[in-house]
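Following: one structure in structure tokens, then a few remarks.
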Ligand code: SF4
Ligand code: SF4
């Protein structure tokens, strides 16, 4: 039987080119604390009774929210802005994970890392994704 030459196998090159997340955490760390919260995020967290998330949001006492809003995650006790998202977890000495991945903000769901997925292709930096969301948001009071 002819042995499979793994090194020259065409799928190896395809696999090497396949974009993937290395879980370096740079996207969340570079993003800092600010993010665009959509009404859908807010409603979902209310419906899911995610007080563990809402407690980090300065607006969390608000009953309804019908427009995108820029916020900074804030310490629930001191109300001071945090340096970066409180849900970024280091899972081993080199890998990070999102502790609320199942219900993370829309902005995080829509983001595609330009390092892993290619600038100008699928990649979309977190900050420009945020800026686009802010621009698209309806302006209050007009
Ligand atoms: S999306 Fe990109 S920056 Fe974020 S953890 Fe993955 S590889 Fe790192
Ligand atoms: S919610 Fe999750 S994906 Fe979004 S910034 Fe925080 S850790 Fe990163």
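No value in this document is a laboratory result; all are computed from the given coordinates. Small disclaimer: the values here were computed from a predicted structure and weren't measured. Don't worry about glycine lacking a Cβ; one is built from the backbone with ideal geometry, like all the others, and counts go over all protein chains shown.
The table that follows gives values for the structure above.
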| read-out | value |
| --- | --- |
| Most to least packed among 54-67, 20-33 [average Cβ atoms within 10 Å] | 20-33, 54-67 |
| Taking 94, 44 and counting other C-beta atoms within 10 Å, the order from fewest to most | 94, 44 |
| Fewest-first ranking of 70, 112, using other Cβ atoms within 10 Å as the exposure measure | 70, 112 |
